[in-house]
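> Please read through the structure below; I'll follow up with questions.
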Amino acid sequence: MSQQPDPPTSKLTADCGSCFGLCCVALPFAASADFAASKPAGTPCTHLRTDFRCGIHARLRESGYSGCTVFDCFGAGQQVSQVTFGGQDWRQAPDTARQMYDVFPVMRQLHELLWYVTEALRLPRARPVHGELRHALDALERHTAADADTLLDLDVPQLRGDISELLLRASELVRAQIPGRRKNHRAADLIGARLRGADLRGANLRGALLIAANLRGADLRTADLIGADLRDADLRGADLTDAVFVTQAQLNAAQGDAETRLPGELSRPAHW
Ligand code: SF4
């Protein structure tokens, strides 16, 4: 078993000042409620400045770019910019720009997995799988340090599948503390569902579509919300204490208030 410490949270937190605006260039957008305009992958957003900062950062929501406020690269942007490509940006080195754009979504998935594995290692009840999680963590760390060609050859779906199984086992160990029958809404279509005040303690909400669901005052303690789509879900007064695998981006996409109880070290979004 590795004796390496967990990756510092800072490595898995976006540092836009060390990134070449990769999410604003590499990814495609389709005009929608989340993005005011469309753009293809590999084309800089018209609001991206020459210093790789967003020209409308302070007014993204009112400008129709709320999608930008809920995207989280988990620190993949600075890793690709400063480590994989050694600090050479896509303007200086147009020959490698395409490869940089292709590597970014791969790195983003690796960093997202690193974030989840790190979270699972913080769960005392998941201790029986901590050994396997540490092996997964070490492997992920090695992948993130690889060169661009190696990264593009990675079988990311396989990696995701293997780690997903591990995270599920960690989740089951945590949720087992809730007595009785726990609700299973895995990947369920709960768009606009009326779940106000629902008892969802220890529920499996993995990948559930909870877009605009009314979860006001719901009890979501120790629920597993990995990959759940919480866009515009109403979390006012809901209790997410000890909910597992909730990301800041999920909270940023939802609605809440001062009464919403948050899991772990996540922050209350500014618009709540
Ligand atoms: S609006 Fe700003 S944050 Fe969004 S893609 Fe454009 S430059 Fe990036």
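> Taking a ≥ b ≥ c as the square roots of the eigenvalues of the Cα gyration tensor of the chain, is the shape rounded (a/c under 1.5), prolate (a/b larger than b/c) or oblate?
oblate
> For region 113-151, which trypsin sites (Lys or Arg not before Pro) pass both filters: DSSP loop (anything but H, G, I, E, B) and at most 15 other C-beta atoms within 10 Å?
Arg122
> Just the number please: accessible area per residue for region 143-272, 1.4 Å probe, all protein chains included, in Å².
Value returned for region 143-272: 48 Å² of accessible area per residue.
> Express as a percent, rounded to the nearest 5, the fraction of DSSP beta bridges in the chain (both residues included) that run antiparallel.
Details: 2 of 13 bridges.
The antiparallel proportion sits near 15 percent.
> What residues qualify as long-range amide H neighbours of Arg261, i.e. H under 5 Å apart, gap of 5 or more or another chain, H built at 1.01 Å from N?
Ala238, Asp239, Leu240
> Here's another thing I want to ask about it. Can you check how the C-alpha radius of gyration of region 113-254 compares to 2.2 N^0.38 Å, as a plain ratio?
Ratio of Rg to 2.2 N^0.38 Å for region 113-254: 1.12.
> Report, please, the projected area of region 22-104 averaged over directions, based on the convex hull of its C-alpha atoms, in nm².
Orientation-averaged projected area of the Cα hull: 5.2 nm².
> Another question, then. Once you keep just the Cα pairs under 8 angstrom separated by 6 or more residues, what percentage relative contact order results for the chain?
Numbers: 510 pairs, mean separation 32.9, N = 272.
Relative contact order here is 12 percent.
> Would you tally the net charge around Thr260, using a Cβ to Cβ cut-off of less than 11 Å, leaving Thr260 out, and scoring K and R as +1, D and E as -1?
Net of charged neighbours comes to 0.
The values are calculated or read from the model by the stated rules, or taken from the named source; none is laboratory data. Everything quoted here is computed from the prediction, not taken from an experiment. Here Cβ is always computed from backbone atoms with ideal geometry, including for glycine, and neighbour counts include all displayed protein chains. Side chains are part of the model used for accessible areas, which takes the heavy atoms of the whole protein and leaves out ligands, DNA and RNA. Shrake-Rupley method; radii C 1.70, N 1.55, O 1.52, S 1.80 Å.
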